[in-house]
Amino acid sequence: MSLHLLKPSFVITLFALILFCIIALPSQLLFNNPELQQQLTELTPSGFRGMLFLLVVLSLLTSIALPRQIAAFICGYSFGFINGAIIATLAATMGCFITFIIARKCLKVWAVKFWPKQTQKITTFLADKLFYKAIIIRILPIGSNFLTNMIAGACAMPIKPYLLGSFIGFIPQMVIFSLAGAGIKLESNIHIIVSVILFVIASLMSYWLYKTKKEYNT
């Protein structure tokens, strides 16, 4: 690996580990309480209706800035690794859609009026290869999902490539944090360790794709 990639890669790895620890470690300490686990088991929705209920609730919450990693963690804890990852990915995508549409309908004129130069710059950046840029942005642990959706909607980006790219880009982190949530419930350190490793790998791969695409375009 070339030297100019080492420092950014180290920063991304460190950021990914810190983000994971902020979400997973306090949860493990909290959920290791047997009484709390029993209460959560009783309160956790079950079956298809429970999955649908959680999907709707988390879609609304992610649309108003709930971090998608926390949503995936909750889904993994509630319904296991595979079901949790599916529910979390759908919820994050639906939340993305809700925020995008609201921003497009309510903020477009306002954004163009008060920040015409900034809006134009963002529009120019996202307009080229929006599908691929959406994937990369979602895989990276850096950035706000909520603000990204607000900006994209306010700048009237094409919704199909943005939504599809976001859906695909959401999958790695949803899988990773759902695995961590399932590991907490099962008290499986292996689940948690694997999810940490995968999270770091996914973050580095996203950065590598970003750098590769940037160098290719130049």
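The values are calculated or read from the model by the stated rules, or taken from the named source; none is laboratory data. Quick caveat, the model's predicted, so the values are computed rather than measured. Cβ coordinates were reconstructed from backbone atoms using ideal geometry, including for glycine residues, and neighbour counts include every protein chain displayed.
General remarks:
- Residues that are in contact with a helix residue (DSSP H, G or I) (Cβ under 7 Å, 6 or more places away or on another chain) and either surrounded by fewer than 17 Cβ atoms within 10 Å (Cβ to Cβ) or under 16 Å from S166 (Cα atoms) (or both) within region 119-135 comprise L126, L130, F131, Y132, K133, A134, I135, listed in sequence order.
- Where helices (runs of 4 or more DSSP H) fall wholly inside region 135-218, the ranges with 3 or more residues that are more than 11 Å from the chain's Cα centre (by Cα) and at pLDDT below 75 are 159-186, 189-217.
- Among the residues making up region 136-163, those that are of a type outside the set (A, V, I, L, M) and in contact with a helix residue (DSSP H, G or I) (Cβ under 7 Å, 6 or more places away or on another chain) are R138, P141, G143, N145, F146, T148, N149, G153, C155, P158, P161, Y162.
- Verdict on I74 being within 19 Å of the chain's Cα centre (by Cα) and in a helix (DSSP H, G or I): yes
- Evaluation of L60 against (1) within 19 Å of S144 (Cα to Cα); (2) crowded, with 24+ Cβ neighbours inside 10 Å; (3) not charged (D, E, K, R) (one fails), failing number: (2)
- Some residue of region 74-91 being at pLDDT 85 or above and under 18 Å from L140 (Cβ atoms): yes
A quick yes/no check of all residues on (1) at pLDDT below 90; (2) in a helix (DSSP H, G or I); (3) small (G, A, S):
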| residue | (1), (2), (3) |
| --- | --- |
| M1 | yes, no, no |
| I12 | yes, yes, no |
| I18 | yes, yes, no |
| L25 | yes, yes, no |
| E35 | yes, yes, no |
| G50 | yes, yes, yes |
| L54 | no, yes, no |
